[in-house]
Amino acid sequence: MADIARRLVGADVSAVTSWLASQPVPDQGRPQPATVGTAPSASDLPCGASPSRPEAQPIPDVGEARLARGETLARAGNCVACHTMRGQPLMSGARPIDTPFGVVFSSNLTPDVDTGLGRWSAADFWNALHRGRSRDGRRLAPAFPYEHTTLITREDSDAIYAWLQTVPAVRAKQPAHQLTWPFGTQPALAIWQLLHFKPANFIAEPGRDDLWNRGAYLVEAIGHCAACHGPRNRLGATRSVKNLSGSAMPGSAWIAPNLLDDSETGLASTPLDQIIRLLGAGRAAHASALGPMAEVVQHGLQYLDERDLRAMAIYLQGRAREQAPRAATAREGTRSNAGAEVYRTACADCHGDSGEGQPGRYPALRGNRAVLQSDPTNTVLAVLHGGYTPVTAGNPTPPGMPPFALGLSSTELASVISWIRGGLQGASSGAPAVTAPLVERVRNRSR
């Protein structure tokens with residue numbers, strides 16, 4: 001532990017050890033929670049100042065509107081997807097989450113008194129979101145994104161807690177995390193929190209309008225978008241809740257693209273109504289949500305109302321437009337006859353001879369930014385394992401693309417993807433060709 005402490009802190013080990021010894025494991029010194037209603041909810045943003053923290057008071061009578069808002073926030077924050085195993089009761093936990101340091105299992109959030117939140121109070125729940133501490137004061141593993149949830153207002157926290165108390169109780173014990181030692185131990189988590197985490201409150205940005213700040217709150221706190229779309233350091237800490245510059249997703253072969261680079265996602269130039277539709281339905285005129293993002297839309301974002309979705313779109317588009325455009329290096333698109341032939345036999349019936357697609361059914365490939373991303377990993381994954389958009393109210397019967405992992409060799413896949421990224425686009429697309437070894441690496445990582 002001493003060697004780890006020396007590497008992590010870069011200071012005298014005895015000083016670190018003394019600091020750890022002084023840290024209380026129980027809930028000592030926990031801040032007094034705020035009275036319900038003192039902080040703005042996602043529906044009331046922006047807020048002009050940090051929420052106050054007077055003495056805790058009992059939660060008032062819970063109305064239907066408040067319960068509905070709590071459910072919406074829990075779903076929009078992807079809580080349901082992470083804390084529900086496929087085929088198991090809602091919010092009963094135990095879903096494995098891969099990290100670079102091992103596997104963690106989501107907790108049971110039902111009101112079961114022995115294995116869930118039945119003994120938790122609203123203040124305990126707030127303390128977990130805001131300070132990264134469990135009911136007994138133990139530090140939580142940062143796979144739970146409290147770097148982001150710390151920004152959630154007390155009123156929103158209480159609404160989520162109130163809804164969770166209405167979920168049917170399920171007795172389901174959380175499996176023990178399978179993390180490489182010492183990750184997951186309380187001393188290691190204490191050092192991690194010392195270095196990378198400080199409880200905070202959402203502060204509206206001066207000079208921005210209401211919808212922009214509301215979108216910032218939904219993206220940075222509720223949606224914790226930077227948890228996937230932001231780079232992490234060697235210890236798994238996000239650089240910033242505002243950093244959306246893209247990252248390889250921990251424990252997954254997928255790449256979360258740079259949301260601020262228009263050449264990657266088109267957020268700066270796409271009409272606002274199409275961004276709203278993509279967030280809420282999972283499919284727009286020239287884009288589709290696939291892979292992990294399809295799950296986020298299906299289990300989370302589709303439950304937000306139009307105003308919330310518009311606020312997120314305004315914020316994301318505003319940030320993307322402020323980002324200086326990255327100059328693309330034009331490269332001659334590959335015109336492999338082999339790739340063109342594979343495309344004609346395997347792809348053209350749905351996507352069109354010229355990659356024009358079928359509006360409302362199959363996306364266009366010509367000019368598709370997702371296809372032209374500098375890192376082709378996501379395109380390779382979609383072709384290997386199939387492309388499936390989420391089932392949502394706005395996309396109730398989505399068509400799917402079959403997987404080609406068995407039908408085509410890595411060489412054939414490389415040639416057709418290279419053709420789609422090159423020759424199909426015109427004289428030059430700026431997208432480098434895909435090689436068979438790259439396809440093979442992605443194939444092996446995603447088995």
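Among the residues of the range 264-276, the ones that are polar (S, T, N, Q) and either touching a Ser or Thr at 6+ places or on another chain (Cβ under 8 Å) or free of Cβ contacts under 8 Å to residues at least 40 places away in the same chain (or both) come to 2 in all. I want to confirm something. Restricting to the range 133-168 and keeping residues that are among the polar types (S, T, N, Q) and either modelled with pLDDT under 95 or more than 24 Å from the chain's Cα centre (by Cα) (or both), which single residue is farthest from Trp120 (Cα to Cα)? Only one residue tops the list, namely Thr166. In the set (1) within 28 Å of Leu384 (Cα to Cα); (2) modelled with pLDDT under 95, Ser269 fails one condition alone, (1).
Restricting attention to the range 167-203, the residues that are outside the structural domain of Asn127 (by TED's automatic domain parsing) and either of a type in the set (Val, Ile, Thr) or on the phi > 0 side of the Ramachandran plot (or both) add up to 1. Scanning the range 242-252 for residues that are within 18 Å of Gln317 (Cβ to Cβ) and buried (at least 20 other Cβ atoms within 10 Å of the Cβ) returns Leu244, Gly246.
Any idea which residue in the range 255-271 is surrounded by the most Cβ atoms within 10 Å (Cβ to Cβ), counting only those that are under 14 Å from Tyr315 (Cα atoms) and polar (S, T, N, Q)? Applying the filter and picking the extreme gives Thr270. Tally time: how many residues in the range 282-308 are in contact (Cβ under 8 Å) with a residue 40 or more places away in the chain, in a helix (DSSP H, G or I) and of a type in the set (A, V, I, L, M)? Residues in the range 282-308 being in contact (Cβ under 8 Å) with a residue 40 or more places away in the chain, in a helix (DSSP H, G or I) and of a type in the set (A, V, I, L, M): 4 in total.
Hey, Leu279 hits all of (1) touching a residue at least 40 places away in the same chain (Cβ under 8 Å); (2) crowded, with 23+ Cβ neighbours inside 10 Å but one; which does it fall short on? It is condition (1) that Leu279 fails.
If I filter the range 244-264 down to residues being more than 25 Å from Arg443 (Cβ to Cβ) and outside any loop (DSSP other than H, G, I, E, B), which single residue comes out as modelled with the highest pLDDT? For the range 244-264, the residue satisfying everything is Asp262. Residues that are of a type in the set (Lys, Arg) and crowded, with 19+ Cβ neighbours inside 10 Å occur at least once in the range 207-221. Condition check: buried (at least 16 other Cβ atoms within 10 Å of the Cβ), more than 19 Å from Leu267 (Cα to Cα) and without any contact (Cβ under 8 Å) to a residue 60 or more places away in the chain. Does Arg239 satisfy that? The answer is no for Arg239. Here is a check on your reading of the model: is Val104 outside the structural domain of Ala253 (by TED's automatic domain parsing), surrounded by 17 or more Cβ atoms within 10 Å (Cβ to Cβ) and part of a strand (DSSP E or B)? Yes, satisfied. For the range 359-383, a residue qualifies if it is at pLDDT 90 or above and over 19 Å from Ala431 (Cα atoms), but none of them does. Within the range 78-102, residues that are of a type in the set (Val, Ile, Thr) reach partners that are not in a loop (DSSP other than H, G, I, E, B) with beta carbons closer than 8 Å, at six or more positions or on different chains, in the pairs Val80/Ala74; Val80/His299; Thr84/Gly93; Ile97/Cys82; Ile97/Val103; Ile97/Val104; Ile97/Phe105; Thr99/Leu179. Here Gln323 clears all of (1) modelled with pLDDT under 90; (2) farther than 22 Å from Lys242 by Cα except the condition numbered (2).
The values are calculated or read from the model by the stated rules, or taken from the named source; none is laboratory data. What you see is a predicted model, and the numbers here were worked out from it, not measured in a lab. Every residue, glycine as well, gets a Cβ built from its backbone with ideal geometry; the counts of neighbours run over all protein chains shown.
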